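The values are calculated or read from the model by the stated rules, or taken from the named source; none is laboratory data. For clarity, every value in this text was computed on a predicted model and none was experimentally measured. Here the Cβ positions follow ideal geometry from the backbone for every residue, glycine too, while neighbour counts run over all protein chains shown.
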Amino acid sequence: MKAKSIKGKSKEEIKTALAESMADGFKPSLAIMFSSVSQDLHALSKVTYDAGLDLFGVTTNGEFIDEETEKGSVVALLLEINKNYYEIYLEEYPNKNFKEVAMGIAGKAKATFKKPAFIIGTSNPAADGEEVLRGFEEVIGKDVIAFGGGAGDDYAFTETYVFTNYKVSNNGMVCIAFDEEKVAVSGIATCGWKAVGTEKTVTKSEGNHVFTIENEPALDITTKYGGLENVTPGNQDLLIEIAANFPLQLQRKNGDPVMRPPLVVDWSDRSFYTSGTVPQGSKIRFSLPPDWDVMEKVVKGVQNLKETERPEADALVVFSCAGRILSFGPMMNSEIEGIQRVWNVPMVGMFSNAELGRMAGGNLEMHNLTTCCVALKEK
């Protein structure tokens, strides 16, 4: 598999970059594209269609092909790969039937490939990534290889999109199914956030709505541990501060903790809604504000993937939480550069609303404040 990465600030720049990438005889068949919602998605899909490329597209909160992060732009990973080695699906979930839709895609992929592996993008901020993953597991099995992210919209958190050559959807899932007998798909989800204090018990919750922790209102105990002041509805920066710096760490029996940042407060009882399910009775720990060690841990996790599972790669796809760049700012470039240096191959990445994948030794789950790295290698 040959690969190249391109980027541009408009449809015209992407069209030019695509043509230039093919000037030396490079003949890509697949484009993995991450785009700002400010771009004309239909026009971008026409560019790839006219060039004979199949398209997997997701909107973002920022995008990159190297350590320099972009805003309002388009990036793409171009792969020269046999069209028989993959399939692309885009299906909508109008009735919030996330699991059933995922099962349908998985069933089609299983009928085509003996062992499919998946890269996934979901649109609609309300989409339940956990249900999507359960659908793939139901059909393929608990050991299914699946990684991906939730589409973004430049931090508006209102309307996100996935797209292919033929369709743009604000309420659906786009998916590449690779034939694992022809293309190795290896990945890892890692966050690096450090925990503080002892384990606490979630004493009342329903789904992703956390009412109390240790019988205290969830907001009060979280802000107390964070040392935050001015905890009032008028403090517009409070939720960003908590989500980016003091997320809950949901403890797991196997693997690393899963990050669950609070996103919406119910001021009537000072409870909050998190990015994913937090079961009643589960154990959580609070987080320390991130520092350089957080980024170093992520890079080490990717390095370990190379050393233990995927010594060589042809290309790299990265889904990194939008909250990470809010926390790190310009320092985020160092993490991205460190990841790229592991294999030193063409890369494409986006800042996502959620991340889908498996941490080392853990289950397949939806994450936040996490980086998912997916290495591709033709066998």
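Please list, ordered by first then second residue, the pairs with beta carbon atoms under 8 Å, 6 or more apart or interchain, first in region 202-222 and charged (D, E, K, R), second assigned to a strand (DSSP E or B).
K204/V210; K204/F211; K204/T212; E214/K200; E214/T201; E214/T203
Is it the case that S352 is among the hydroxyl-bearing types (S, T, Y), touching a Cys at 6+ places or on another chain (Cβ under 7 Å) and under 15 Å from A244 (Cβ atoms)?
Working: among the hydroxyl-bearing types (S, T, Y): yes; touching a Cys at 6+ places or on another chain (Cβ under 7 Å): yes; under 15 Å from A244 (Cβ atoms): yes.
Yes; evaluated as a whole, the condition is true for this residue.
Rundown of residues vs (1) surrounded by 24 or more Cβ atoms within 10 Å (Cβ to Cβ); (2) polar (S, T, N, Q); (3) closer than 22 Å to K71 by Cα; (4) touching a Pro at 6+ places or on another chain (Cβ under 6 Å), yes/no style:
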site: G329; (1), (2), (3), (4): no, no, yes, no
site: S334; (1), (2), (3), (4): no, yes, yes, no
site: E337; (1), (2), (3), (4): no, no, yes, no
site: P346; (1), (2), (3), (4): no, no, yes, no
site: L356; (1), (2), (3), (4): yes, no, no, no
site: T371; (1), (2), (3), (4): yes, yes, yes, no
site: A375; (1), (2), (3), (4): yes, no, no, no
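Within the group F98, F64, which residue is at pLDDT below 95 and buried (at least 19 other Cβ atoms within 10 Å of the Cβ)?
Details: F64 fails: at pLDDT below 95.
Unique residue meeting the criteria: F98.
Select, from V174, V202, the only residue that is part of a strand (DSSP E or B), at pLDDT 95 or above, more than 17 Å from the chain's Cα centre (by Cα) and among the hydrophobic types (A, V, I, L, M, F, W, C).
Details: V174 fails: more than 17 Å from the chain's Cα centre (by Cα).
Only one candidate qualifies: V202.
Filtering region 310-331 down to residues that are touching a Ser or Thr at 6+ places or on another chain (Cβ under 6 Å) and not in a loop (DSSP other than H, G, I, E, B), which residue is modelled with the highest pLDDT? Working first, answer last.
Taking region 310-331 first, the residues touching a Ser or Thr at 6+ places or on another chain (Cβ under 6 Å) are 310, 319-321.
From what's left, not in a loop (DSSP other than H, G, I, E, B): 319-321.
On the way: F319: 97, S320: 94, C321: 89.
The qualifying residue modelled with the highest pLDDT is F319.
If you scan region 67-95, which residues turn out to be buried (at least 22 other Cβ atoms within 10 Å of the Cβ) and either more than 12 Å from V174 (Cα to Cα) or among the β-branched types (V, I, T) (or both)? I'd like the intermediate steps shown before the answer.
Within region 67-95, the subset buried (at least 22 other Cβ atoms within 10 Å of the Cβ) is 73-79, 81, 86, 90, 93.
Result: S73, V74, V75, A76, L77, L78, L79, I81, Y86.
Would you please list the contacts, defined by Cβ atoms under 7 Å and residues six or more apart or on different chains, that run from a residue in region 48-59 that is not assigned by TED's automatic domain parsing to the domain that holds G148 to a residue that is β-branched (V, I, T) and in a helix (DSSP H, G or I)?
So the pair list comes out empty.
Looking at region 305-320, which of the residues that are acidic (D, E) and surrounded by fewer than 19 Cβ atoms within 10 Å (Cβ to Cβ) is nearest to P28 (Cα to Cα)? Explain how you work it out, then say what you get.
Within region 305-320, the first condition is being acidic (D, E), and the residues that meet it are 307, 309, 312, 314.
Now restrict to residues that are surrounded by fewer than 19 Cβ atoms within 10 Å (Cβ to Cβ): 307, 309, 312.
Working: E307: 29, E309: 26, E312: 20 Å.
This residue is E312.
Can you spot a residue in region 271-282 that is crowded, with 23+ Cβ neighbours inside 10 Å, within 23 Å of E206 (Cβ to Cβ) and aromatic (F, W, Y)?
yes
Between a residue in region 11-35 that is buried (at least 20 other Cβ atoms within 10 Å of the Cβ) and any residue that is part of a helix (DSSP H, G or I), which pairs come within a Cβ distance under 7 Å, given they are 6 or more apart or on different chains?
That search, which allows pairs on different chains as well, returns I14/L44; I14/V47; L18/V47; A31/T48; M33/L44; S35/L41; S35/L44.
Condition first: closer than 15 Å to S186 by Cβ and in contact with a Pro (Cβ under 8 Å, 6 or more places away or on another chain). Now tell me which residues in region 315-327 satisfy that. Explain how you work it out, then say what you get.
From region 315-327, those closer than 15 Å to S186 by Cβ are 315-319; that's our starting set.
Correct list: A315, L316.
From the list T160, T112, pick out the single residue that is over 26 Å from E180 (Cα atoms), assigned by TED's automatic domain parsing to the domain that holds A76 and either free of Cβ contacts under 8 Å to residues at least 24 places away in the same chain or not small (G, A, S) (or both). Full working, then the answer.
Numbers: T112 fails: over 26 Å from E180 (Cα atoms).
The unique qualifying residue is T160.
Considering only residues of region 224-270 that are closer than 17 Å to T212 by Cα and among the hydroxyl-bearing types (S, T, Y), which is surrounded by the most Cβ atoms within 10 Å (Cβ to Cβ)?
Restricting to residues being closer than 17 Å to T212 by Cα and among the hydroxyl-bearing types (S, T, Y), the top hit is Y225.
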